[in-house]
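Everything below concerns the one structure shown next.
Laboratory data are not the source of any read-out in this text; all were calculated from the coordinates shown. Fair warning: this is a prediction, and the values are worked out from it, not measured in the lab. Here Cβ is always computed from backbone atoms with ideal geometry, including for glycine, and neighbour counts include all displayed protein chains.
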Amino acid sequence: MTIIICIMGVVVRRASIVVVAGILLLSCSSPEPRPSPSAAVQQPTSEPPPASPKPKPEPEPPAWAVVPLRRYVEMWNKPTDPKPAFVFDSLLPGVGFGRMLVTAERGDGSGGRWLKLELPIRPNGADAWVRDDEVQVVPRHDELVIDLSNRTLTHLREDKVVDRFRVGVGQPQYPTAIGTFYVWQKVNFDQWYGPYGIYALGLSGFSPVISDWPGGGRMAIHGTSDPSDRGQQVSHGCIRVYNTDMKTLRTLPLGTPVIIRR
C-alpha cells in the first residue's frame, strides 16, 4: 500500500449539516429498497393465468463522471428527502474540483434530474444523490479491470482492450479491496526507483484492514521498478504496475472507473 497523504473524512457538525473534508495533498449508504410489487389480480378459474412477464434487465450505469461546479456540494441520501444529509468538500489542491463517478440517475417529476454518485470516502461504496445543476457531467470512455486471481490489470476503452499487464496485488494479510472504485487523484513522481515508481493513481476506495496510515489507508495504483512484483502478492493492498507499463496509464482522466474483482 502506498502512503498517499490526504485529509479525508474529517467531519464538522454544524446544526444538522455535516461537512466532509475532501482535501487531498497527494494522493454512505445502502442501495435504496425497491418498492414492493402490487398484489396480483386473481384470474377467473375458467381462464388460465397469464404468463409471468420476464424481468427486465438492470440498466447499465450511466457512462459519466461529474465535476462539481463549486467547492461545497449538497449531498442527499434520497432525492425525496426534505433537506440534504451533508455538504461535501470537493477541492483537490492543485487540481480544482475532483471528479466523481455517476452510478445512477433519475428524474424528479418536474423536469429536474438527480445523479447518484460514488463518494471517495469510507466506507467503500458510500454514495449520495446530487442535483444535476450542482455539477458538470463529463462523458467517460475508459475503464480499468483488475483481476486479483490472475493478477492482471486490463485497460478498456469503449469496451475494447487497449492494454493488459501483470501486476502486483495485496498480500493475504493486507488484501486488496474488491468493488467498483474510480481514479480520484493523479500524482507524478518521475522516480524510477522510488517507492511509488514514476506515477500513482489514487483511488476512491480504502484498504479493508489499514486505517491508521497517512491518508487513512487509501488505495492506489502505482509504479514499481521491480519487475518481479508482477503477478505476485507483494503490496499492502495497492496495485503495483511495472514503471514501463505505468507510463501508458498516465493519460487516464480523473473519474475513470476501476473494477477490482477476485
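Values as computed for the structure displayed
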| quantity | calculated |
| --- | --- |
| Qualifying aspartates and glutamates (Cα of each under 19 Å from Cα of LYS83; at least 8 residues distant if same chain) | GLU32, GLU74, GLU105, ASP108, ASP127, ASP132, ASP133, GLU134 |
| Charge sum, other residues only, whose C-beta stays under 13 Å from TYR199's C-beta, Lys/Arg counted +1 and Asp/Glu -1 | +2 |
| Trypsin sites (Lys or Arg not before Pro) within the stretch 60-162: DSSP coil, no more than 13 neighbouring Cβ in 10 Å | ARG70, ARG71 |
| Shape metrics for the stretch 142-261, restricted to C-alpha atoms - Rg then Dmax, Å | 12.8, 38 |
| Contact order relative to length of the stretch 142-261, as percent, for alpha carbon pairs under 8 angstrom and 6 or more apart | 35 |
| Rg to Rh, two decimals, where the stretch 66-191 supplies the alpha carbon set and Rh follows Kirkwood | 1.02 |
| Simple Cβ-charge dipole of the stretch 141-197, Lys/Arg +1 and Asp/Glu -1, about Cα centre, in debye nearest 20 | 180 |
| Residue among ASN243, GLN136, PRO227 farthest towards the positive dipole end of the stretch 115-262, charges placed on Cβ | PRO227 |
